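What follows is one structure encoded as structure tokens, with my remarks underneath.
The values are calculated or read from the model by the stated rules, or taken from the named source; none is laboratory data. For clarity, every value in this text was computed on a predicted model and none was experimentally measured. Using ideal geometry, Cβ is built from the backbone for each residue, glycine included, and neighbour counts are taken over all protein chains shown.
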Amino acid sequence: MGKETIKKEAIVLLNMGGPNNLEEVEMFLTNMFNDKNILTMKSRLLRKFIATMITFTRTESSQEIYRQLGGKSPLVDHTKKLVAKLQERVGDGVIVDFAMRYTPPFANEVIERLNKEQVAKIYLIPLYPQYSTTTTKSSLEDFEEHYHTIGGDAVLVEIKHFFENTTYNKAIIERIKESMQGGAYNDFDLIFSAHGLPQKIIDSGDVYEKHVNKHVAILKEMLQEEAMEFHEVHLAYQSKVGPMQWLEPSLEEKLKSVRNRGVLIFPLAFTIDNSETDFELDVEYREIAEELGFKEYRVAKCPNDSDLFVDALSEIYNKMK
């Protein structure tokens with residue numbers, strides 16, 4: 001009898017992606033704004049028209065942002081390092097890979113690789129701590145639709161959020177501690193900055209705001225247990241675009257309302273640093289803070305490929321089995 005092929009399992013980390021070079025900026029914007037979970041109008045033609053207009057008006061300014069970040073998004077390199085560490089942790093019997101929603105590597109090429117390996121079960125872990133239709137649902141749907149189109153007989157297992165995972169939250173606390181080196185906690189306000197969403201998406205039943213509030217409550221309790229006594233702890237939302245009503249308070253308004261001594265920003269909705277952390281938070285909002293007279297303005301790093309985040313992902317995978 002021939003040797004039986006041992007079918008493997010795979011972990012696929014899902015994220016929005018980011019341009020790998022300046023030429024991919026237009027692709028990134030085009031794919032993002034054609035996503036039916038981002039622009040939610042029912043008419044595909046209307047969505048395509050609006051997406052084309054937004055992409056046309058934003059490509060050049062977005063390219064300038066990525067030019068200042070070294071010509072690409074930091075997200076992909078961070079993700080590759082995270083994948084390598086997780087692969088080492090789980091061992092050779094499990095394939096660890098990643099797929100991006102709006103830029104390469106796309107789901108279809110990852111699926112083709114896994115099919116060649118005769119993978120029997122695929123664990124999908126979107127790298128969004130809190131669930132939202134605009135992120136988690138979009139990434140899961142994208143992978144699953146491509147999988148069924150390409151074909152395969154693996155079982156797909158998914159997780160929709162992990163903001164309650166204690167090890168993941170320890171990774172956040174660790175990043176906050178790192179950012180506070182040389183500073184006294186009571187001299188700083190801590191602002192958890194979550195990516196904003198239009199209010200109409202929340203009103204349609206998206207649970208993102210509820211998850212964000214629960215996450216902040218968990219982290220506040222952990223800060224107390226660690227005796228990390230900030231002057232005050234706040235929640236705000238960043239990245240508002242356009243005239244419609246978005247989740248409040250905005251980060252800019254929150255900065256205006258806290259005492260202007262020291263402030264630390266932690267990007268609550270991201271696990272991997274990207275243009276919205278490295279540029280929007282660390283450059284644009286820093287300018288606002290300086291104009292407001294803050295003595296110190298600090299931005300904490302996302303968990304990225306930290307050992308505790310690798311621990312958390314390993315735990316999440318094992319609980320999914």
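Looking for something modelled with pLDDT of 95 or more and not in a helix (DSSP H, G or I) - is there at least one such residue anywhere in the stretch 134-149?
There is no residue in the stretch 134-149 that is modelled with pLDDT of 95 or more and not in a helix (DSSP H, G or I).
Hey, can you tell me all the residues within the stretch 162-199 that are among the charged types (D, E, K, R) and not in a helix (DSSP H, G or I)?
Within the stretch 162-199, Glu164, Asp189 qualify.
When you look at Asn37, is it in a loop (DSSP other than H, G, I, E, B), modelled with pLDDT of 95 or more and either at positive phi or of a type in the set (S, T, N, Q) (or both), yes or no?
Details: in a loop (DSSP other than H, G, I, E, B): yes; modelled with pLDDT of 95 or more: no; either at positive phi or of a type in the set (S, T, N, Q) (or both): yes.
No; evaluated as a whole, the condition is false for this residue.
On the basis of being farther than 25 Å from Asp278 by Cβ and assigned to a helix (DSSP H, G or I), does Lys214 make the cut?
yes
Table: residues versus (1) of a type in the set (A, V, I, L, M); (2) farther than 20 Å from Gly182 by Cβ; (3) not assigned by TED's automatic domain parsing to the domain that holds Arg261.
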residue: Thr277; (1), (2), (3): no, yes, no
residue: Glu284; (1), (2), (3): no, yes, no
residue: Ala289; (1), (2), (3): yes, no, no
residue: Phe294; (1), (2), (3): no, no, no
residue: Leu313; (1), (2), (3): yes, yes, yes
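Suppose we filter Glu280, Glu315 for residues that are surrounded by fewer than 19 Cβ atoms within 10 Å (Cβ to Cβ) and in contact (Cβ under 8 Å) with a residue 40 or more places away in the chain; which single one remains? So that I can check it myself, show each step before the final result.
Details: Glu280 fails: surrounded by fewer than 19 Cβ atoms within 10 Å (Cβ to Cβ).
Just one listed residue meets the conditions, Glu315.
Tell me, yes or no, whether the stretch 116-123 has at least one residue that is farther than 21 Å from Asn304 by Cα, assigned by TED's automatic domain parsing to the domain that holds Asn34 and crowded, with 20+ Cβ neighbours inside 10 Å.
yes
Taking interchain pairs and intrachain pairs at least six residues apart, which have beta carbon atoms under 7 angstrom, with the first residue in the stretch 242-253 and assigned by TED's automatic domain parsing to the domain that holds Glu284 and the second part of a loop (DSSP other than H, G, I, E, B) and of a type in the set (Val, Ile, Thr)?
Pairs that qualify, where the first residue is assigned by TED's automatic domain parsing to the domain that holds Glu284 and the partner is part of a loop (DSSP other than H, G, I, E, B) and of a type in the set (Val, Ile, Thr): there are none.
Quick check on the stretch 139-170: of everything there that is of a type in the set (Gly, Ala, Ser) and in contact with a Leu (Cβ under 9 Å, 6 or more places away or on another chain), which residue is surrounded by the most Cβ atoms within 10 Å (Cβ to Cβ)?
Of everything passing the filter in the stretch 139-170, Ser139 is surrounded by the most Cβ atoms within 10 Å (Cβ to Cβ).
If you scan the stretch 250-260, which residues turn out to be over 10 Å from Ser193 (Cα atoms) and either surrounded by fewer than 15 Cβ atoms within 10 Å (Cβ to Cβ) or not charged (D, E, K, R) (or both)?
Within the stretch 250-260, Glu253, Leu255, Lys256, Ser257, Val258, Arg259, Asn260 meet the criteria.
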